[in-house]
Every structure is written in C-alpha cells, then in structure tokens.
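Step one of this worksheet: look at the structure below.
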Amino acid sequence: MPFAYILGLSYMVLEIFLVYSAVQEFGLALFLAEVVISALVGGVVLLRSPFKNLNDLVYDRLEPLAWAEGFFLRSVGAVLLLLPGVLCDVFGTLLLLVALVRQKDLPPEEMPKKPKKQKEPEEIIDVEVLDKEK
C-alpha cells in the first residue's frame with residue numbers, strides 16, 4: 001500500500017511541475033485552451049466510439065477480444081483526455097493513437113463492418129382461414 005501512496009504522490013508532483021512549466025512557457029490562456037480542447041476531444045471520443053460495433057459483436061461478426069481491446073484503449077484514452085493536466089493528455093493521446101493503429105492492424109475478417117440492412121417485404125397479404133364443419 002505504501003507503494004501506491006508513493007506512486008500517487010510522485011505523479012502529483014510531476015503533474016504540478018509540468019503544468020507550471022507549460023504555463024510559464026506558453027501562458028495561462030493557451031494552457032486553459034489546451035485543457036478545454038482536450039476535454040472536448042475526450043468527451044466526443046468517449047460518447048461515439050465504444051458502442052459503434054456492438055451490433056457486430058452481438059451477431060458474431062466481430063471477435064469479442066478485438067472489440068474489448070479497442071473499447072478499453074479508446075475509453076481509457078478518452079477519460080485521460082477529460083482530466084486536466086499535461087501528463088494525462090499525453091498518455092490519453094498515446095492510448096488513442098495505439099487504438100487507432102491497432103484497429104488498422106486487424107485482419108479484414110475482424111475489421112468492424114456495417115450491419116446489413118434488412119429488406120422489408122414488398123407486399124403483405126392478410127389471410128383468414130375458416131374451418132368448415134363436416
């Protein structure tokens with residue numbers, strides 16, 4: 001447990017140092033703009049990406065492990081982009097880039113496909129069957 005405290009404390013010190021350096025180098029306005037833009041990008045990625053292949057997963061057109069790996073990488077990267085800070089943005093961007101490269105490396109049979117639209121019947125015939133008594 002002390003290792004987790006030391007790791008958390010060192011992360012906070014490094015994050016504060018990087019934020020201070022970024023504000024000194026670029027100014028407060030650009031740093032705040034970067035925080036807002038990264039949060040918007042993270043929110044868009046988090047809202048759009050996780051469930052776009054859910055139909056393919058349900059109908060066995062996509063391997064569950066490939067879907068879960070892409071879902072995990074995109075979700076964690078998007079959450080890291082939502083958090084304010086320089087180090088979170090760097091790690092979130094790296095995870096999203098790995099998810100993008102990993103998706104392109106999938107074999108064609110594992111690539112996400114659009115579900116086929118079912119054709120509606122052209123004509124519906126309503127029939128009533130009457131039983132005759134003998």
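Data for the structure
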quantity	calculated
Helices (runs of 4 or more DSSP H) fully within the stretch 53-134 counting 1 or more residues that are modelled with pLDDT of 75 or more and either among the hydrophobic types (A, V, I, L, M, F, W, C) or open to solvent by less than 50 Å² (accessible area, probe 1.4 Å) (or both)	64-82, 86-104
Long-range neighbours under 9 Å by Cβ, at least six apart or interchain, first residue hydroxyl-bearing (Ser, Thr, Tyr) within the stretch 18-29, second in a helix (DSSP H, G or I)	Ser21/Val86
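The values are calculated or read from the model by the stated rules, or taken from the named source; none is laboratory data. This is a predicted model, so every value here is computed, not measured. Using ideal geometry, Cβ is built from the backbone for each residue, glycine included, and neighbour counts are taken over all protein chains shown. To get the accessible areas, we keep the full protein, side chains included, count just its heavy atoms, and leave off ligands, DNA and RNA. Shrake-Rupley method; radii C 1.70, N 1.55, O 1.52, S 1.80 Å.
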